[in-house]
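Chemist: One structure follows; several queries about it will come next.
The values are calculated or read from the model by the stated rules, or taken from the named source; none is laboratory data. Just so you know, these numbers come straight off a predicted model, no measurement behind them. Cβ: placed from backbone, ideal geometry, glycine included. Neighbour counts: every protein chain shown.
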Amino acid sequence: MISKRLLGRKVSAGEVSRVSRELVEAVERWRTRALSGEKIKYLFIDGVNFKMRVTDSVENVPVLVVIGVRKDGQRLVLGFQVEAKESAAAWGEFFKELKRRGLRSEMVKLGVMAGLPALEEVFREEFTNA
């Protein structure tokens, strides 16, 4: 009914599935893109809870997010990662993944983050010049 009103035609379940697959693939390509060309000086680090449908229920799901600030001051989302829970170990793996994608840890001078216990320690281990 919504597609009929908005698009003037009914959208089939097959079309919805195909477009959903294409969107998931595009987001995944962006989420795992190379970061080697970015000169990141600062990181904003935070976990955000989103309500998401998981099987038959709606649950709060933690999503780890890192926003970088380049030397020219432009901000960009470097990545996000869905986790079972926000923890220092999960952050450590996420930082390692960003570095595998080419984030140059030696260029990072500052990390701004919430007060999750042990997050600062994990950050310092991965970004020793910060």
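Chemist: Filter the strands (runs of 3 or more DSSP E) completely within region 3-122 down to those with at least 1 residues that are out of contact with any strand residue (DSSP E or B) (no Cβ under 7 Å at 6 or more places or on another chain), exposed (fewer than 12 other Cβ atoms within 10 Å of the Cβ) and of a type in the set (Lys, Arg).
Modeler: Strands (runs of 3 or more DSSP E) meeting the threshold: 40-54.
Chemist: Return yes when SER87 is modelled with pLDDT under 95 and among the polar types (S, T, N, Q) and no when it is not.
Modeler: So SER87 fits the description; yes.
Chemist: Given the structure, is GLU38 in contact (Cβ under 8 Å) with a residue 60 or more places away in the chain, of a type in the set (Asp, Glu), out of contact with any Cys (no Cβ under 6 Å at 6 or more places or on another chain) and under 30 Å from PHE123 (Cβ atoms)?
Modeler: yes
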